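First comes the structure, then the notes that go with it.
The values are calculated or read from the model by the stated rules, or taken from the named source; none is laboratory data. Note that the coordinates shown come from a computational prediction; the quantities given were computed from them, not determined experimentally. Here the Cβ positions follow ideal geometry from the backbone for every residue, glycine too, while neighbour counts run over all protein chains shown. Each accessible area value is taken on the protein alone, full model and side chains, heavy atoms only, with ligands, DNA and RNA left out. Shrake-Rupley method; radii C 1.70, N 1.55, O 1.52, S 1.80 Å.
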Amino acid sequence: MNAEHNFFWAQACVAELLKAQLEHAVICPGSRSTPLALALFREKHIQSHVVLDERAAGFFALGLCKATQHPVALLCTSGSAGTHFFPAIVEAFFSRAPLFVITADRPWELHGFGAPQTMPQLGLYGRFVCASENIPAPTESREALLHMRAVVAKAVAAAKQNALPAHLNFEFREPLCSTQEKLPTEALLALPQTPSFVHAERGLEAGGLETVLSALNSSGRPLIIVGNNPPSPRFASAVFCLSEKCSAPLLADAASNLRFQAPPQVPLIASYDILLREEALRKQMRPDVVLCLGGSLVCKHVQTWLAHSGARIFMLLEHGVEADFQHVAEAIIQCNLVEACRFLATHVSGNVSGRDKTYAKQFVRMEERAQKALSALLEEAWCEPAIARKLMECLPSGSNCCISNSMPIRELDAFAAASSKGVEVYVNRGLNGIDGLISTAKGVATATRRPTVLLIGDLAFLHDISGWMLTKRLEVPLVVIVVNNRGGGIFHFLPVAEQKNEFEDCFALPHETSFLKIAEVTGASYFNPKTLSEFSLALLEAWKQNVSLIEVCTNRHENVHVHKEIYGGVLKCLKELL
């Protein structure tokens, strides 16, 4: 009877997952996970995706999770298979993504004496999951089945409430698979409902927002800064409304999902990375109350500026994400960001005596001058800042933009102008790693079914070469733009670049990879533009294809000098306003 009970328990597990609005499951082929694979695959309300490589599968599931903002199940067999999920699980932990990681396992009697494909799996992911539960091999006990459902429900609730991955380890005895298509569901329906796990949030006033409101109502120069945040039209609308009500300029990180959603009337500042490099501008634009929303920022100059500003700083976080590494906040408040912004916008006074009416206007004037200077400096340039800026100019409205860590996200944050195109940005900024980025982009494209572009560096591309192979089966347009400077360009900006003897071989990792051949392997369209005009045309053509690879070759040895020239040129124009 092992096979029937295995599948029965697997069905019960899937039933609990469905309660959590599970829509997607990523399945890695394997034997020991057969009962769960069949239960997921046969469930008509779940779209199953089968991925051979566990590491790529993990990041693909992460992309699905980020894009749908719903939990995603991730399944593999026993043994070392589950270890390959670890990088994606760590990223999911710091990105706040509720992955339901399910590993199959051998039963207790096979552990510890050399049975093949057997290792201790409970606690495999350590502190990077909010729940880790071992489910013993199924039995005929009704009480055991009910308890298993409750344990699964509790882990699922923890993942949803905390927006963190959770791990379930299921033991199965052989025979694993039954010839019976499906067990009767009456036995499942006859069981009592598993407990509901409700996360009780405190009222907004009790949550500390009255203090924030009081600070805003006495502020002469309020400022709003928004860091990494998943796409959310409700959040964007609430922040724009709050900015308007308290006359606060809005510094929007490239990954905030506000910068490319903003109506023209919003005082949104995109060039702060350049503005805050000038001491006179840092002093002139100093705020007295700062409201920081969402996750961390790409630009380190903002944190340094705030730390020395003397302003009262409040951080509002959805899930308690660590975003105050310099310990500058007066208060860190965990709350629903949409409700919090609406509460503040409703109650904040729009007519505060002593408020500097010119503060937002000064910021906007600086922004306009900086953007005009950037357009002139980068109009005919062929460099990484110009490519990032041109990309955002050329993206069609309503598309997805996935950005690699290292230099691409920094280029986008520093040089991309604001727009109202409705482009949604996806980044893996939980740990800022470069692994799994192609797989994540494919997950985003698959879940949203919208045209998706990925801007990625050459080493990050090569790090996820298995993810590139996944694109063979993609059914929506995906354009991968690889910035090929033949090595790790970001290291040239770091002190280690002075280590001439070891730098190239130990850090830059020069290579002679042919991206044309890589494109040919998967049948992807290939473009190799040499100018911005050719780059724009390549993008237009690429959107007509299924999968395209655009290789843009730059010179990492000149990149630091190019950045200094751009910063200097923009700041020279801005000094005229001081």
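Here is the figure for region 420-450: residues that are touching a residue at least 60 places away in the same chain (Cβ under 8 Å), part of a loop (DSSP other than H, G, I, E, B) and surrounded by fewer than 24 Cβ atoms within 10 Å (Cβ to Cβ) total 9. Against the conditions (1) at pLDDT 95 or above; (2) within 14 Å of the chain's Cα centre (by Cα); (3) surrounded by fewer than 24 Cβ atoms within 10 Å (Cβ to Cβ), L454 satisfies every one except (3). Checking R365, R312, R286, R277 one by one, the residue that is over 26 Å from the mean Cα position of the chain (by Cα) and either modelled with pLDDT under 90 or under 28 Å from I456 (Cα atoms) (or both) is R277 and no other.
Kindly check whether there is at least one residue in region 315-338 that is aliphatic (A, V, I, L, M) and in a helix (DSSP H, G or I). Within region 315-338, one or more residues are aliphatic (A, V, I, L, M) and in a helix (DSSP H, G or I). None of A73, A15 is within 19 Å of A157 (Cβ to Cβ) and surrounded by fewer than 24 Cβ atoms within 10 Å (Cβ to Cβ) except A15.
Taking every residue in region 14-42 that is among the β-branched types (V, I, T) and pairing it with any residue that is in a loop (DSSP other than H, G, I, E, B), at least 6 positions away or on another chain, the pairs with Cβ-Cβ distances below 7 Å are V14/E43; V26/V51; T34/L176; T34/C177.
Whether a residue is among the acidic types (D, E), over 26 Å from R450 (Cα atoms) and surrounded by 19 or more Cβ atoms within 10 Å (Cβ to Cβ) was assessed, and E54 does not pass this test.
Can you tell me which residue in region 460-487 is nearest to E534 (Cα to Cα), limited to those that are in contact with a strand residue (DSSP E or B) (Cβ under 6 Å, 6 or more places away or on another chain) and in a helix (DSSP H, G or I)? Within region 460-487, the match that is nearest to E534 (Cα to Cα) is F461. Scanning region 262-284 for residues that are over 18 Å from A414 (Cα atoms) and aliphatic (A, V, I, L, M) gives V266, A280.
With the condition kept exactly as written, say whether any residue in region 364-377 is of a type in the set (G, A, S), part of a helix (DSSP H, G or I) and surrounded by fewer than 18 Cβ atoms within 10 Å (Cβ to Cβ). So far as region 364-377 goes, yes, one or more of its residues are of a type in the set (G, A, S), part of a helix (DSSP H, G or I) and surrounded by fewer than 18 Cβ atoms within 10 Å (Cβ to Cβ).
Scanning region 257-270 finds one or more residues that are touching a residue at least 40 places away in the same chain (Cβ under 8 Å), open to solvent by 30 Å² or more (accessible area, probe 1.4 Å) and farther than 23 Å from E339 by Cα.
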